[in-house]
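K.L.:
Structure in C-alpha cells, see below.
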Amino acid sequence: MILTPEQRATGRRNFLKAIAGTPALATLGAAAAMRGPVRGGPVRLGLIGAGGQGRSLLAAVNPAFADVRALCDINPASLARADEGLVKRKAKPIRHYVEWRDMLEHEDLEAVIVAVPLWAHADVVVPCLEAGKHVLCEKMMAWDVAGCDRMTAAAERSGRVIEIGYHRYYSAVYQAAYEGILKRDLLGDVHHARFAWHRNGNWRRAGQPPSPGYDPSRWGYPTFEHLWNWRLYTKYSKGLFAELGSHHVNAANWFLDSTPRAVLASGSVDRFKDGREAHDHVYAIFEYPNGLTATFSSIESNASEQHYEAFYGTKATLIMYNESEALLFDEGGSGAPTSVEVSATAGGAAIEASETKPGVAPRPSTAAAAVSTGGDRSPALEEEISRFCAAIRVGRPVACGPERARHSARACIAATEAANTHTRVTI
Amino acid sequence: MPATRTAVERLDLEPVRVGYGTTRAQSVALVVLRTAVGWHFLYEGFYKLMLPGWTRLGQPAAAWSAAGYLAVSSGPMAPLFRGLAHSSAMGFVDVAIPIGLTLVGLSLMLGLRSQWGCAGAMVFLALFYLSAIPTTGVPQSGAEGTYMVVSKNLVELVAVCVLFAFRTGRIAGLDLLWRGSDSWRTDR
C-alpha cells in the first residue's frame, strides 16, 4: 500500500474523527461489576520455548498478573539470552529446564506459555492441558487440522483456559477500528479485502550451535540448522501463510465476523534458492461467504508496500497499516476526506499503537484516546498475557480461544495445500 | 385525634410498642440502621480478607494494609498514627482490622451480641475518626466530600451510639434467643 504522507495523514485524521466517542472497551455485564473480588495472587506461570517470540512474551509479563516460575528450552543459548533479558529488567532469576515435562513435574505451575516451533504445538499443548495447566499458545494454532482438533478437545476435556496468541485483538488501534468502524457499519458492505506482508530480506537466520557437540536430533531436528531455521522446512512449518498470513486472516475473520470457505493459492521459492522448502513468495485468494473475497500476498523481494489489511466497503475503505496505523477513506477517492459525520474531539495525534508499540495502563476511556496513547512500545503482548491470567482467575473470556484460532489455522493450512498442489481447496 | 390519618401517622402513631417504648416505625428504622451499618462493616472486612485478589473485571488487587491510610493521617493525632504505620505492630493491625470489621459486621447484621458489636464499631469508628479529623475545611485527597470537624466516620459513630443506646438486639435479631440472660449486662 503506497500512500503519500498527505494521504496517510488524511486517513489517520478520518479514522480518529470516526472513532471519537467510541468506548475503548466493550462494557462488561453489570453482574460482573456487582460482585466482589476473587481471592488469589499472580498466576504461577512457566514458559516453554525461550526463542525470540518466547522472550518477547517473557518481557511482556506484568508481575502483578503473573509470576514466571520457570523457563524451558532445548537450546541453552536461548535460555541464556532469556536470562540476559531478566537481568536487564532487574527481574528475579528463573529456574531453567531443558525438557518441558520435567518443568511440569517439578514446578507448581498453574499455566504455561507455549512458544515452540509450530509442528510441536499440539504435542506440547495437549499434555499440558491434560496435566491441568492453562495454556497460552503462540500462533498459529497447530501444524495441521488434526492438531487443532486435538488441542480443542483437550481444552474441552480439561476445562482449562486455552488462548492462541493473536495479539492484534489486544492492540489499541485494532480494538478502536473494530469498535468504532466495523461494529458501527461505517464501511458499508465489504466485498473485498486485501492483505499483504511484503519484506525484502532473507528469512533464514544466521546462528551457531550453543556448543560444538550440540545434537538436537533427539527432539526431531537432524541438525542445528533445522532447529534454528525451522520456519524454512515443511516438517516444522507452514511457511509464510502460517507465520504471517494467519495474522491477517484471523484479524479479518474478527473484523468481518466470517471465515473463508475455500482458497486458491500459489507459491514458490523464487529468490532464496538455498535449500529451503518454505516458499519465499506466496499468493492466495480466500473465498468468504456472501460475496466477500480476500487476497493475500507475502513476498521477500520488495518491501515497499510493507504490510497491511485493507477492507474495501461500499461506503469507505479501512486500512490497518503496519499494525500501527488505521487509515479511513471515504469511498470516492483515495486520500479524500471522509464524509462520516462525527464530532472532532480527538484531533491530531498520530496513531502509532500496535502490539509492538504497547502501553495501556491506565486504560483510556475512549477508543480515540486509546489509539492516541500509542506512541509508546507494546502493551498488546502485555495485555494478551494479562487477559489470559484474568481468564484463569475470574473467568473473563479470552479474545482468541480455540474456535477462532482453528478457523484461521484451517484457512492457512488449506492455503499451503493449495499452493503446493495448485488447486482450489475447500476449507 | 383527627378522623383520618396520613400513612406516616398510621405507621408511627399507633402505640404498637415493641418492648422498650419504641413504636413499630422507630423499631424498624433502628433495625434497618443497624443492618446498614453492619453491612458496611461486613463488606469492608470481607473485601480486605479477600486480598490479595482479583476484581471481577480481571484486575489484580494487592494485599491490603492499613499502613498507607495511617501514613497519611491528618489532624491533631496524626503523629501517633503515622508512627504506627511504620512500626512492627502493622503486621498485627493488618490482620486484626479485617477480622474485627467482619465480626462487627456479622454481629450487627445478625443482631447477635449486638451490644458487643456496637461497642466494637464505636472503637473502630473512633479510631478512624481520630486518625483523620478534618480540620482544614477543604476537600482532602481520597474523600468524596468537604468536611470540617464532622466527617462521615463521626456521623456513623454517632449512629452506632444510637443503636447502642436503643439495644436493638432486643427488637430483632438473634439476641432474642438469649433474652433474659445476662450475656451483655446493660442489655437487660
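K.L.:
Give me the net charge of A:GLU305's neighbourhood, meaning all other residues with Cβ under 11 Å from the Cβ of A:GLU305; Lys, Arg count +1, Asp, Glu -1.
P.N.:
Details: positive: A:ARG194, A:ARG199; negative: none.
Residues close to A:GLU305 contribute a combined charge of +2.
K.L.:
Another question, then. What is the order of A:TRP197, A:TRP230, fewest Cβ neighbours within 10 Å to most? Walk me through the intermediate numbers first.
P.N.:
Details: A:TRP197 23, A:TRP230 20.
Fewest to most other Cβ atoms nearby, the residues stand as A:TRP230, A:TRP197.
K.L.:
Could you work out the relative contact order of chain A, using alpha carbon pairs under 8 angstrom and six or more residues apart, expressed as a whole percent?
P.N.:
On the way: 928 pairs, mean separation 102.9, N = 427.
RCO, chain A: 24 percent.
K.L.:
Return the long-range amide H neighbours of A:GLY165 (sequence gap of 5 or more, or a different chain), with a cut-off of under 5 Å between placed amide H atoms.
P.N.:
Long-range HN contacts for A:GLY165: A:CYS137, A:GLU138, A:LYS139.
K.L.:
According to a simple spin-label model (label point 7 Å from Cα along Cα-to-Cβ), what is the distance in nm between A:LYS315 and A:ARG261?
P.N.:
With each label point 7 Å from Cα toward Cβ, the separation is 2.6 nm.
K.L.:
Something else about it: For chain A, rounded, prolate or oblate, judged on the Cα gyration tensor with a ≥ b ≥ c (square roots of eigenvalues), a/c < 1.5 rounded, else prolate if a/b > b/c?
P.N.:
Values: a/c = 1.68, a/b = 1.23, b/c = 1.37.
It is oblate, given that a/c is not under 1.5 and a/b is not larger than b/c.
K.L.:
Ok, one more. Could you work out how far the C-alpha centroid of the range A:186-226 sits from that of the range B:42-81, in angstrom?
P.N.:
49 Å
K.L.:
Dipole of the range A:30-167 (Lys/Arg Cβ +1, Asp/Glu Cβ -1, origin at the Cα centre): which of A:ALA153, A:LEU71, A:HIS121 lies farthest to the positive side?
P.N.:
Value computed over the given set: A:LEU71.
K.L.:
Under a Cβ-Cβ cut-off of 11 Å, what is the net charge of the residues other than A:PHE15 that fall near it, where Lys and Arg count +1 and Asp and Glu count -1? Write out the running numbers ahead of the final one.
P.N.:
Details: positive: A:ARG8, A:ARG12, A:ARG13, A:LYS17; negative: A:GLU325.
Summing Lys and Arg as +1 and Asp and Glu as -1 gives +3.
K.L.:
Starting from the coordinates of the alpha-carbon atoms of the range A:262-323, obtain the Kirkwood hydrodynamic radius over all distinct pairs and give the value in Å to one decimal.
P.N.:
Details: mean 1/r = 0.0735 Å⁻¹.
Radius from the Kirkwood sum: 13.6 Å.
K.L.:
Further question on the same structure: For the range A:30-167, rounded, prolate or oblate, judged on the Cα gyration tensor with a ≥ b ≥ c (square roots of eigenvalues), a/c < 1.5 rounded, else prolate if a/b > b/c?
P.N.:
Numbers: a/c = 1.70, a/b = 1.07, b/c = 1.58.
Cα axes put the range A:30-167 in the oblate bin.
K.L.:
Charges only on Cβ, +1 for Lys and Arg, -1 for Asp and Glu: so what's the dipole of the range A:30-167 about the Cα centre, in debye to the nearest 20? Kindly include the intermediate steps, with their values, before the conclusion.
P.N.:
Values: 17 positive and 17 negative charges, 131 e Å.
Dipole magnitude for the range A:30-167 comes out near 620 debye.
K.L.:
Quick one: net charge of A:GLU84's neighbours, Cβ under 15 Å, K/R +1, D/E -1? Mind showing how you got there, number by number?
P.N.:
Numbers: positive: A:ARG55, A:ARG81, A:LYS88, A:ARG89, A:LYS90, A:LYS92; negative: A:ASP73, A:ASP83.
Neighbourhood net charge equals +4.
K.L.:
Restricting to DSSP H runs of at least four residues, report the calculated mean residue ellipticity at 222 nm for chain A, -39500 (n - 2.57) per run over all residues, nearest 500 deg cm²/dmol. It would help to have the intermediate numbers written out before the result.
P.N.:
Numbers: 13 runs with 136 residues, N = 427.
Helix contribution divided over all residues of chain A: -9500 deg cm²/dmol.
K.L.:
Sticking with this structure for a sec: Among the lysines, which fall within straight-line cross-link reach of A:LYS90, defined as a Cα-Cα distance under 28 Å, with same-chain neighbours fewer than 8 residues apart omitted?
P.N.:
Of all the lysines, those that pass the test against A:LYS90 - Cα under 28 Å, at least 8 places apart if same chain - are A:LYS133, A:LYS357.
K.L.:
Treating the beta-carbon of each Lys and Arg as +1 and of each Asp and Glu as -1, no other charges, what is the dipole magnitude of the protein assembly as shown about its Cα centre, to the nearest 20 debye?
P.N.:
On the way: 62 positive and 56 negative charges, 329 e Å.
Roughly 1580 debye for the protein assembly as shown.
K.L.:
By counting other Cβ atoms within 10 Å of each Cβ, how are B:ASP175, B:ASP94, A:ASP274, A:ASP330 ranked from fewest to most?
P.N.:
Numbers: B:ASP175 25, B:ASP94 15, A:ASP274 11, A:ASP330 18.
Fewest to most other Cβ atoms nearby, the residues stand as A:ASP274, B:ASP94, A:ASP330, B:ASP175.
K.L.:
Would you mind telling me the antiparallel percentage of the DSSP bridges in chain A, rounded to 5? Please report the intermediate quantities before stating the final value.
P.N.:
Details: 38 of 66 bridges.
Rounded to the nearest five, the antiparallel share is 60 percent.
K.L.:
Could I ask something else about it? Which whole-angstrom value gives the distance between the alpha carbon centres of the range A:399-414 and the range A:79-127?
P.N.:
24 Å
K.L.:
Of the residues A:TYR221, A:TYR166, A:TYR178, which exhibits the maximal mean-square fluctuation in a Gaussian network model of chain A defined by a 10 Å Cα contact cut-off?
P.N.:
Between A:TYR221, A:TYR166, A:TYR178, it is A:TYR221 that shows the largest mean-square fluctuation.
K.L.:
Moving on. Can you give the FRET efficiency for B:HIS86 and A:ARG35, using 1/(1 + (r/R0)^6), R0 = 25 Å, r = Cβ-Cβ distance, to the nearest 0.05? Each step should come with its number before you reach the end.
P.N.:
Details: r = 35 Å, r/R0 = 1.41.
That pair, B:HIS86 with A:ARG35, gives E of 0.10.
K.L.:
Now, a different point. Can you tell which of A:SER386, B:SER74, B:SER107 lies farthest toward the positive end of the dipole of the protein assembly as shown, using +1 and -1 charges on the Cβ of basic and acidic side chains (Lys, Arg; Asp, Glu)?
P.N.:
B:SER107
K.L.:
Run the simple label-point estimate for A:ARG157 and A:ASP274 please: 7 Å along Cα→C-beta, distance reported in nm.
P.N.:
Here the modelled spin labels are 4.2 nm apart.
K.L.:
Cross-link candidates for A:LYS235: which lysines have Cα within less than 26 Å, leaving aside residues fewer than 8 places away along the same chain?
P.N.:
Of all the lysines, those that pass the test against A:LYS235 - Cα under 26 Å, at least 8 places apart if same chain - are A:LYS139, A:LYS273.
K.L.:
Quick check on the range A:30-167: of the DSSP beta bridges with both residues there, what percent are antiparallel, nearest 5%?
P.N.:
On the way: 0 of 21 bridges.
Among the beta bridges of the range A:30-167, antiparallel pairing accounts for roughly 0 percent.
K.L.:
Within a 10 angstrom radius of the beta carbon, how do A:VAL263, B:VAL162 rank from fewest other beta carbons to most? Please list the in-between numbers first.
P.N.:
On the way: A:VAL263 28, B:VAL162 13.
Ordered by Cβ neighbours within 10 Å, fewest first: B:VAL162, A:VAL263.
Read-outs throughout are calculated quantities, based only on the coordinates presented, and are distinct from any laboratory measurement. Predicted model only: the values in this text are computed from it and were never measured. FYI the Cβ positions are ideal-geometry reconstructions off the backbone, even for glycines, and counts take in every protein chain you see.
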